[in-house]
Amino acid sequence: MPVNVLMPALSPTMEKGKLAKWLKKEGDAVRSGDILAEIETDKATMEVEAVDEGTLGKLLVAAGTEDVPVNTPIAVILGEGEKLGDAPAAAAPKAAAPAAAAPVSVAAVAPAPAVAARTEGARVFASPLARRVARQKGIDIAALLGSGPHGRIILKDVETATPGAAPAPAPAFAAPPSDAQVLKLFAEGSYELVPHDSMRKVIARRLTESKQTIPHFYVSVDVALDHLLELRERLNLQAPRDKEGKPDWKISVNDFIIKAMAMALIKVPDANVSWTENAMVKHKHADIGVAVSIPGGLITPVVRSAETKGLARISSEMKDYAARARNRKLKPEEYTGGSAAISNMGMMNVKSFAAIVNPPHASILAIGTGERRPVVRGQDIVIEQQMTITLSTDHRCIDGALGAEFIGAIKACLEEPGLMLV
């Protein structure tokens with residue numbers, strides 16, 4: 001019997017994706033494991049493999065089609081002697097017009113907490129099973145608050161709802177101006193419109209949710225770098241070299257920062273947490289997300305159990321993550337989760353800044369540039385290499401005193417790297 005190829009779910013929260021490119025054409029022979037197409041989500045580009053062998057009888061969704069729902073048939077594979085008319089009927093979604101001059105990229109987004117309420121007229125996200133049961137019970141799906149990822153309504157929310165329940169109240173946030181209101185502020189012909197790609201939409205939604213739902217608390221300290229830079233130079237000089245004379249590793253300041261934050265989380269375990277409404281999630285390992293800038297946005301690969309890894313291994317992992325992030329080849333498990341994150345803008349000569357917490361992280365460390373500064377030591381003024389670091393925390397689970405203790409532990413590890421060994 002002909003087999004439908006379905007739009008795959010590339011991550012637990014994926015609902016739709018873009019069919020970016022077909023790598024096979026109608027009439028091509030396919031074997032199990034052959035790559036049929038490339039799928040773009042708001043997070044990554046992944047390949048679709050054939051799970052059956054036969055002939056690719058029909059492409060149901062055109063290349064470039066956006067917002068294709070998960071589990072929608074996108075192609076039909078025919079077995080020997082089968083005809084296309086034998087295949088089950090499947091309605092293909094309309095192809096969306098390509099966005100002019102819109103960059104396509106990937107955003108670093110972790111699963112979002114349920115939002116307290118939705119605005120009037122906002123799209124309702126619900127599982128197919130929840131929608132079906134809601135119709136059977138006569139429940140207005142838009143009246144429910146979802147407890148699933150990103151506030152998605154799941155079966156449990158419908159089962160506990162009361163038929164005829166009033167719609168959820170709108171949050172007490174002012175509605176942003178409409179597109180028309182914004183465009184009225186500018187002379188016609190003085191601008192061009194570049195449609196948002198999936199990454200930019202997700203960044204906007206996630207950071208809006210974060211600032212509206214997470215009470216941020218900020219702590220800044222200056223860190224002396226002279227000991228760290230001396231140790232970094234010594235370690236890099238001792239790196240083994242391959243046959244071509246290239247060193248096996250080249251440790252960066254950022255690698256030290258990842259290790260220092262991981263060790264600080266282990267030494268201050270009350271800061272190694274994630275918030276949920278019913279319980280504090282206390283993590284046993286320090287999984288550190290590191291923001292990597294890519295065209296049009298950023299993604300945050302996670303160094304797992306960083307407290308157990310040496311600087312050379314952290315450096316190697318980050319180089320691999322950064323290269324694959326820019327090519328949109330990271331796997332979902334490589335950029336989701338984690339309890340804390342680092343955003344480093346020191347290479348851009350930014351002295352200091354405050355980053356936005358991205359749940360499930362409870363904190364993010366913003367790194368400024370290293371520079372020579374006059375510093376008072378006792379009765380003397382000396383010149384030292386210093387940088388300013390700012391810790392943003394989720395005040396629901398990391399209070400001021402705990403945040404100060406946490407950033408103090410990070411500072412101690414950076415100023416005396418030997419502390420990371422004890």
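The values are calculated or read from the model by the stated rules, or taken from the named source; none is laboratory data. As the structure is a prediction and not an experimental result, all values here were calculated from the model. Cβ atoms come from the backbone with ideal geometry, glycine included; neighbour counts cover every protein chain shown. All accessible areas refer to the heavy atoms of the entire protein, side chains included, with ligands and DNA or RNA removed. Shrake-Rupley method; radii C 1.70, N 1.55, O 1.52, S 1.80 Å.
For the reader, a short list of remarks on this structure follows.
- Selection of the stretch 356-391 for residues being free of Cβ contacts under 8 Å to residues at least 60 places away in the same chain, small (Gly, Ala, Ser) and not in a strand (DSSP E or B) yields 368, 378.
- Of everything in the stretch 392-411 that is out of contact with any strand residue (DSSP E or B) (no Cβ under 9 Å at 6 or more places or on another chain) and in contact (Cβ under 8 Å) with a residue 60 or more places away in the chain, the residue that is surrounded by the most Cβ atoms within 10 Å (Cβ to Cβ) is 409.
- Scanning the stretch 335-350 for residues that are open to solvent by less than 40 Å² (accessible area, probe 1.4 Å) and at positive phi yields a total of 2.
- Some residue of the stretch 183-205 being assigned to a strand (DSSP E or B) and surrounded by fewer than 17 Cβ atoms within 10 Å (Cβ to Cβ): no
- Residues that are surrounded by fewer than 18 Cβ atoms within 10 Å (Cβ to Cβ), of a type in the set (A, V, I, L, M, F, W, C) and without any contact (Cβ under 8 Å) to a residue 60 or more places away in the chain within the stretch 53-72 comprise 62, 63, listed in sequence order.
- Identity of the residue in the stretch 310-329, of a type in the set (A, V, I, L, M, F, W, C) and touching a residue at least 12 places away in the same chain (Cβ under 8 Å), that ends up farthest from residue 257 (Cα to Cα): 325
- Qualifying residue in the stretch 339-349 (condition: more than 20 Å from residue 260 (Cα to Cα), in a helix (DSSP H, G or I) and out of contact with any Leu (no Cβ under 8 Å at 6 or more places or on another chain)): yes
- Total residues in the stretch 351-363 satisfying the condition of being open to solvent by less than 40 Å² (accessible area, probe 1.4 Å) and either hydroxyl-bearing (Ser, Thr, Tyr) or modelled with pLDDT of 95 or more (or both): the figure is 5.
- Residue pairs meeting the criteria (Cβ under 8 Å; at least 6 apart or on separate chains; first within 15 Å of residue 365 (Cβ to Cβ), in the stretch 286-309; second acidic (Asp, Glu)): 286/307; 302/287; 302/334; 303/287; 303/317; 306/287
- Any pair with Cβ under 6 angstrom, 6 or more apart, that starts in the stretch 31-50 at a residue that is closer than 14 Å to residue 197 by Cα and at pLDDT below 80 and ends at one that is part of a strand (DSSP E or B) and of a type outside the set (Lys, Arg): 41/17; 45/38
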